[in-house]
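For reference, the structure discussed in these notes is given below.
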Amino acid sequence: MKPRLINALEAALYLGVCENTFRAYVRLGKLPRPIRLGKRRVYDLKKIDLALDKLSGIGTKHGIIDTAEDKRREIHELLSQD
């Protein structure tokens, strides 16, 4: 079973970027902020996926991403845009 709440490192690995890059995208508002769960700050995987869907326009102009490499490339392109 895949966890829904993940830490920053796990989220970065999920997106294929380093942790510092992931945190920068969060600070810029391109990705959702963490939620507090006790003393931990965790990221909701569903919110991350929704943010990426919104950025990429999945289901609209871009269509569905076919492979993991396509998804990684799309994520890098979208997050690098201003």
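Figures for the structure shown
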item	result
Leading residue by the ranking (nearest to the chain's Cα centre (by Cα)) among those in segment 15-59 that are of a type in the set (Gly, Ala, Ser) and part of a loop (DSSP other than H, G, I, E, B)	Gly16
Residue within segment 65-76 that is touching a helix residue (DSSP H, G or I) at 6+ places or on another chain (Cβ under 8 Å) and either on the phi > 0 side of the Ramachandran plot or modelled with pLDDT of 95 or more (or both) present	no
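Residue-wise test of (1) of a type outside the set (Val, Ile, Thr); (2) out of contact with any helix residue (DSSP H, G or I) (no Cβ under 9 Å at 6 or more places or on another chain); (3) in contact (Cβ under 8 Å) with a residue 24 or more places away in the chain; (4) surrounded by fewer than 14 Cβ atoms within 10 Å (Cβ to Cβ).
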site: Leu5; (1), (2), (3), (4): yes, no, yes, no
site: Ala11; (1), (2), (3), (4): yes, no, yes, no
site: Phe22; (1), (2), (3), (4): yes, no, no, no
site: Leu28; (1), (2), (3), (4): yes, no, no, yes
site: Pro32; (1), (2), (3), (4): yes, no, no, no
site: Leu37; (1), (2), (3), (4): yes, yes, yes, yes
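The values are calculated or read from the model by the stated rules, or taken from the named source; none is laboratory data. Just so it is clear, the structure is predicted and the values come from calculations on it, not from any experiment. With ideal geometry, Cβ positions are generated from the backbone for all residues, glycine too; neighbour counts draw on all protein chains shown.
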